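Novice: This structure is in structure tokens; I'll ask about it shortly.
The values are calculated or read from the model by the stated rules, or taken from the named source; none is laboratory data. Note that this is a predicted model, so its numbers are computed, not measured. Heads up, the Cβs are rebuilt from the backbone with ideal geometry, glycines too, and the neighbour counts pull from every protein chain shown. Calculation scope for accessible area: heavy atoms of the full protein, side chains included, ligands and nucleic acids excluded. Shrake-Rupley method; radii C 1.70, N 1.55, O 1.52, S 1.80 Å.
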Amino acid sequence: MKLDAKIPEGPIAEKWSNYRSNVKLVAPNNKRRIEVIVIGSGLAGGAAAATLGELGYSVKCFCFQDSPRRAHSIAAQGGINAAKNYQNDGDSAYRLFYDTVKGGDYRSREANVYRLAQVSTNIIDQCVAQGVPFAREYGGLLANRSFGGVQVSRTFYARGQTGQQLLLGAYSALSRQIAAGKVKMYNRHEMLELVMIDGKTRGIIARNLITGEIERHGAHAVVLASGGYGNVFYLSTNAMGSNVTANMKAYRKGAFFANPCYTQIHPTCIPVSGHYQSKLTLMSESLRNDGRVWVPKSKNDLSKNPNQIPEEDRDYYLERIYPAFGNLVPRDVASRAAKYMCDKGMGVGKTGLAVYLDFSSAIERYGKAAANTQNIDNPSKKEIEKLGKEVIESKYGNLFEMYQRITDENPYDTPMKIYPAVHYTMGGLWVDYELGTTVPGLYATGECNFSDHGANRLGASALMQGLADGYFVLPVTIGSYLAGEIRTPQTDTNHPAFVEAEKSVKDNINKLLNIKGDKSVDDFHRELGLIMWNKCGMSRNAQGLQEAIKEIQALRKEFWNNVYVPGTADEFNPELEKAGRVADFLDLGELMCRDALNRNESAGGHFREEYRTPEGEAQRDDENYTYVAAWEYAGEGKEPILNKEELTFNDIELKTRSYK
Amino acid sequence: MKLTLKIWRQRNSNDKGKLETYPVDGITTDMSFLEMIDVLNQQLIKDKKDPVAFDHDCREGICGMCSMVINGRPHGPWEGTTTCQLHMRAFKDGDTVVIEPWRAASFPVIKDLVVDRTSFDKIIQAGGYISVNTGNAVDANSLPIDKTNAEDAFDAAACIGCGACVAACPNSSGMLFLGAKVSHLALLPQGEPEREKRVLNMMKTHDDEGFGGCTNTGACEAECPKGISLTNIARLNREYMRAAIGSEEEVR
Ligand SMILES: Cc1cc2nc3c(=O)[nH]c(=O)nc-3n(C[C@H](O)[C@H](O)[C@H](O)COP(=O)(O)OP(=O)(O)OC[C@H]3O[C@@H](n4cnc5c(N)ncnc54)[C@H](O)[C@@H]3O)c2cc1C
Ligand code: SF4
Ligand code: FES
């Protein structure tokens, strides 16, 4: 199939305004009759549902948590980018666009990224108007910090809880629409099937997670905002419930899945401590503003107390290898460097799978500055330390507390131990410029689409993209489809398509419950995660990927013969929910390996060991792989079909990414 | 570590429910409390028994989903810590640990340790927002906000909506939660136009949803995992008095 990205005409800076001026509109009296379903209440879904409600559509919004405010976006820590140039350091929409395309290793669509950079400034305005308490300077104006992969300071933040504050903003807007009767919220509901009538999206089947009831919901269009799929690795920084089910249901109904193998491994997470481990905890990238990453130079020092290792015996390897960006290199680069150090046997900690993140220089620097502003002459070392720790506490207090609670070590005194962990998925449903999937009437927003981040996302850009999609892009672009639907009557949920979809959902649930095997859902999930981490993780090779595909197929077979799901279908049953999600992860895992195997190059988060430069850096193949790999479902047990969207770069010159 | 767990089991909202005893073994100090429950549940599943249902998602202390009363204390023994961030270092070998759901008329039990907290959403829907449509905003820096006010607003906005304050309160009052939201918005200039209407409507919904009044016992503040302080209730009361006496706003 020929993929049409529907990129508007005109120079890149004018595409979005041209589009908006020409997009078809839906009259207010028609909007009221038009029903839109939004799956997800995170930044993307919450913002979209609220805005669609404000515009006058009849909206139904679904989430599996007990409240829309608990979507996984709540956990984002570090910040959100916007090209406001409040710091007067030379930022602009073009620079944000450039940084994002370069950071993504030239594997994203220019027009989308430019639009993202343009609307980024509106997001900050909107959030401040909603009462989001961003960090401020003493003069009362908004504060900024820097994030990896860029040389300007454009990240807005609310201490270490930026996602929480942004989501509470979207949740408040959503709550207002719920109160106004424009949005009907379905908490503790899980979408389990997409319903199509005559080739168009006409609704969903959802399970009420409290009663187990299977419900039919009709609509004129469905917007997925169901988040990322990092949990395919079992251990990740994602919330326990994050899953790929909505995406996989759509995929099986004809929505293409783009670049599934692009996974972001975040460099600064608390290392794994044991088999029982259920999730990994992120230590925000903002810490790399002030923390310096190092390992001992000598193997003899590996188990020494790090404070006793003198400066000259430490290898600040990021500063050494990448002098231009130092500790602020992008995530993929920092993660690979940490892995390389640990693989070389230079890792620290119990398992040897950790590097230090050290704040002592920052504490000293801030302490001296604070002593200076407070007019303390000749401050003692102790005084400096105390003042410096206060500054660090005000910036990262909650993260330091979290670290101490988990590891029982005080990071103000001993350097943190960190290691990379799965964090974000750049892949997702393929969407065109309008955020429409290959299925008419089905849209995808936020982390669940293949997004604007190419092969690697820069820090603080997911929140930006989620809110850009939800507040400013989708509510406009969906009008172009809905304008053609004003004569379509309300969906009849007794239509045979609904009956059949409901039956397939029920059959699937009964199948899971009746296997009554010997292994728990978690057993399978853990095994899948291990295959993925070892063979489709931070670095990959053809042989490993081929093995992984076979192993996953075998695991899937075993799952469907030997999983044990306790309880019944018509009650609150978390194990049943998990079973359905793991079944979808098993299918996704195989697809990710196929995609990774197909991409014979290294780009961003996708690092193929066969394709590297003599210095060990990622080696892209622009001639053969400057495309989006969009996978098409071909039916149960059949190999998926590869479709390509060729990427053209008119406004940026393709270069080897260098942070040296 | 070996522990004896006494856990509240209740099949659904109609069931009466009771405490059941479960021994667990092989618990290490660096496990989180929920990972300890995972260990128990995996054992129950292996024995073909019904695992314990509990709410959780982020396991990072931010989503507000986890909610267990542990040895009589909402979120357990550590101060300023959610259930998911509590670690097994807090216990010793041989301990007996009693685990119950939030108990409050406004939070009915769904199953075992899972309760229904939609009453909190209804309080927010009654006015916990600023009425600004997407696209209506002016430039973010056009209105400087005093740093101290912004910080105080942040402190109040840090509430995760977990409901521990209600579970801790002898009156099952939701005033700390409500006070936090009212304070967050009252401290910001953007919240000013709807200030009176907001507090009146939110307070009314709080009462209608069956939450009790505040008698200043302070148990909420002591158990709140996010350090939401009682000054928020004081501010709520001031805002309420100011609105009830000084305004012509009608409560919806
Ligand atoms: C620990 C952590 C820190 C992060 N920090 C940052 C940061 O500082 N800056 C940044 O830019 N990004 C950050 N990110 C990334 C960013 O938070 C996410 O990419 C983003 O929030 C995703 O938003 P979303 O709206 O797409 O999805 P989510 O917030 O994950 O929401 C998904 C929604 O879909 C619902 N859902 C899913 N499946 C179904 C289904 N089948 N049926 C019904 N409902 C369903 C869920 O209930 C939920 O409401 C961080 C991520 C993590 C894990
Ligand atoms: S005030 Fe504290 S205890 Fe109450 S809901 Fe908010 S965070 Fe939880
Ligand atoms: S699970 Fe999210 S706060 Fe505990």
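Novice: Just tell me which lysines come within less than 25 Å, Cα to Cα, of B:K197; anything on the same chain fewer than 8 places away is out.
Specialist: Excluding near neighbours in sequence, the set is A:K182, A:K184, B:K122, B:K181.
Novice: Report, largest value first, the span of the C-alpha coordinates of the stretch B:3-110 along each principal axis, in whole Å.
Specialist: For the stretch B:3-110, the Cα extents along the three principal axes come out at 37, 34, 23 Å.
Novice: Classify the stretch A:266-422 as rounded, prolate or oblate from the Cα gyration tensor: take a ≥ b ≥ c as the square roots of its eigenvalues, call it rounded if a/c is under 1.5, otherwise prolate when a/b beats b/c and oblate if not.
Specialist: Numbers: a/c = 1.73, a/b = 1.49, b/c = 1.16.
Note, shape of the stretch A:266-422 comes out prolate.
Novice: Ok, one more. How are the Cα pair distances of the stretch A:1-123 distributed, in percent, across 10 Å bins from 0?
Specialist: Computed distribution, short to long bins: 11, 27, 36, 23, 2.
Novice: For the stretch B:96-228, max minus min Cα coordinate along each principal axis, in Å, sorted largest first?
Specialist: 56, 27, 27
Novice: Along each principal axis of its Cα atoms, how long is the stretch A:1-73 end to end? Whole angstroms, biggest number first, please.
Specialist: 45, 32, 29
Novice: Would you please name the chymotrypsin sites (Phe, Trp or Tyr not before Pro) within the stretch A:130-192 that are DSSP coil residues with at most 16 other C-beta atoms within 10 Å of their C-beta?
Specialist: Details: sites: A:F134, A:Y138, A:F147, A:F156, A:Y157, A:Y171, A:Y186; in loops: A:F134, A:Y138, A:F147, A:Y157.
Qualifying residues, ordered by number: A:Y138.
Novice: Then there is this: Given labels modelled 7 Å from the Cα in the Cβ direction, how far is it in nm from B:S131 to A:V23?
Specialist: 2.6
Novice: Which FRET efficiency, nearest 0.05, do B:D208 and A:S394 yield, Cβ-Cβ r, R0 35 Å? List each step's numbers first, then the result.
Specialist: Values: r = 40 Å, r/R0 = 1.14.
Efficiency at R0 = 35 Å is approximately 0.30.
Novice: Of chain A, which part is the longest with no GluC sites (Glu not before Pro) in a loop (DSSP not H, G, I, E, B) and with at most 14 other C-beta atoms within 10 angstrom? Could you put the intermediate results ahead of the total?
Specialist: Numbers: sites that count: A:E9, A:E137, A:E213, A:E409, A:E609, A:E610, A:E615, A:E636, A:E653.
Looking at chain A, A:410-608 is the longest stretch - no exposed GluC sites (Glu not before Pro) with at most 14 other Cβ atoms within 10 Å.
Novice: For the stretch A:187-345, divide the Cα radius of gyration by the Kirkwood radius and give the resulting Rg/Rh value with two decimals.
Specialist: In the stretch A:187-345, Rg relative to Rh is 1.15.
Novice: Step through the table entries A:K417/A:K535; A:K60/B:K147; A:K339/A:K511, compare each Cα-Cα distance with 30 Å, and write down the pairs that go over it.
Specialist: Working: A:K417/A:K535 25 Å; A:K60/B:K147 38 Å; A:K339/A:K511 41 Å.
Result: A:K60/B:K147; A:K339/A:K511 exceed 30 Å.
Novice: On to the next question. Quick check on chain B: what does the Kirkwood estimate of hydrodynamic radius come out to from the alpha carbon pairs, in Å? Kindly include the intermediate steps, with their values, before the conclusion.
Specialist: On the way: mean 1/r = 0.0510 Å⁻¹.
In chain B this quantity evaluates to 19.6 Å.
Novice: Of all alpha-carbon pairs in the stretch A:127-197, indicate the percentage at a distance above 20 angstrom. Walk me through the intermediate numbers first.
Specialist: Values: 1311 of 2485 pairs.
Counting pairs separated by more than 20 Å, the tail of P(r) holds 53 percent.
Novice: Can you give me the distance in nm between label points at A:E646 and B:S13, each placed 7 Å from the Cα along the Cα-to-Cβ direction?
Specialist: 5.9
Novice: Given +1 on the Cβ of Lys and Arg, -1 on the Cβ of Asp and Glu, and no further charges, what dipole in debye does the stretch A:323-385 carry about its Cα centre, rounded to the nearest 20? Don't skip to the answer; put the middle values down first.
Specialist: On the way: 9 positive and 7 negative charges, 56 e Å.
It comes to approximately 260 debye.
Novice: Also, I was wondering about something else. Where Rh denotes the Kirkwood radius from the mean inverse Cα pair distance, what is Rg over Rh for the stretch A:496-622?
Specialist: Values: Rg = 18.3 Å, Rh = 16.4 Å.
Taking Rh as the inverse mean 1/r over Cα pairs, Rg/Rh reads 1.12.
Novice: If you don't mind, there's one more thing I want to ask. Which whole number gives the average, over all residues in B:145-155, of C-beta atoms from other chains lying within 10 Å of the residue C-beta?
Specialist: What the average comes to for B:145-155 is 5.
Novice: Here's a follow-up. What is the projected area of the convex hull of the Cα atoms of chain A, averaged over all directions, in nm²? Please list the in-between numbers first.
Specialist: On the way: hull surface 115.3 nm².
Projected over every direction and averaged, the Cα hull of chain A covers 28.8 nm².
Novice: Still on this model: B:V138 versus A:I7, label points 7 Å from Cα toward the beta carbon: distance in nm?
Specialist: Going from the B:V138 label point to the A:I7 one covers 3.9 nm.
Novice: Would you mind pulling out the separation of the Cα centroids of the stretch A:134-161 and the stretch A:221-259, in Å?
Specialist: After rounding, the separation between the Cα centres reads 31 Å.
Novice: Roughly what angle does helix B:231-246 make with the longest principal axis of chain B, taking Cα atoms, 0 to 90 degrees, to the nearest 10?
Specialist: Result, in degrees: 40.
Novice: Something else: Could you tell me how many degrees, from 0 to 90 and to the nearest 10, lie between the Cα long axis of helix A:542-562 and the main elongation axis, the longest principal axis, of the Cα atoms of chain A?
Specialist: That works out to roughly 50 degrees.
Novice: Can you give the FRET efficiency for B:N237 and B:E151, using 1/(1 + (r/R0)^6), R0 = 22 Å, r = Cβ-Cβ distance, to the nearest 0.05? Please list the in-between numbers first.
Specialist: Details: r = 22 Å, r/R0 = 1.00.
It comes out at approximately 0.50.
Novice: Sort out for me the Cα centre separation of the stretch A:32-91 from the stretch A:606-620, rounded to whole Å.
Specialist: The stretch A:32-91 and the stretch A:606-620 have Cα centres spaced 37 Å from each other.
Novice: Could you tell me the total accessible area buried at the A-B interface, probe 1.4 Å, in square angstrom to the nearest hundred? Numbers along the way, then the final one.
Specialist: Numbers: alone 25810 and 13010 Å², together 32520 Å².
The buried area between A and B, both sides summed, comes to about 6300 Å².
Novice: Sticking with this one: Within the stretch A:507-595, list the trypsin sites (Lys or Arg not before Pro) lying in a DSSP loop whose Cβ has at most 15 other Cβ atoms in a 10 Å radius.
Specialist: Working: sites: A:K511, A:K516, A:K519, A:R526, A:K535, A:R540, A:K550, A:R556, A:K557, A:K578, A:R581, A:R594; in loops: A:K516.
Qualifying residues, ordered by number: A:K516.
Novice: While we're here: If every alpha-carbon in the stretch A:345-475 counts as one equal scatterer, what log10 I(q)/I(0) does Debye give at q = 0.09, 0.15, 0.19, 0.22 1/Å?
Specialist: Taking Cα atoms of the stretch A:345-475 as identical point scatterers yields -0.49, -0.86, -1.00, -1.16.
Novice: Next up: I need the calculated FRET efficiency for the pair A:T414 and A:I376, taking r as the beta carbon distance and R₀ as 22 Å, to the nearest 0.05. Display every interim value, and only then the final one.
Specialist: Values: r = 26 Å, r/R0 = 1.20.
Taking R0 as 22 Å, the efficiency between A:T414 and A:I376 is 0.25.
Novice: Measure nothing fancy, just the Cα-based angle from helix B:147-157's long axis to the longest principal axis of chain B, in degrees from 0 to 90, nearest 10.
Specialist: Between the helix axis and the principal axis of chain B, the angle is about 50 degrees.
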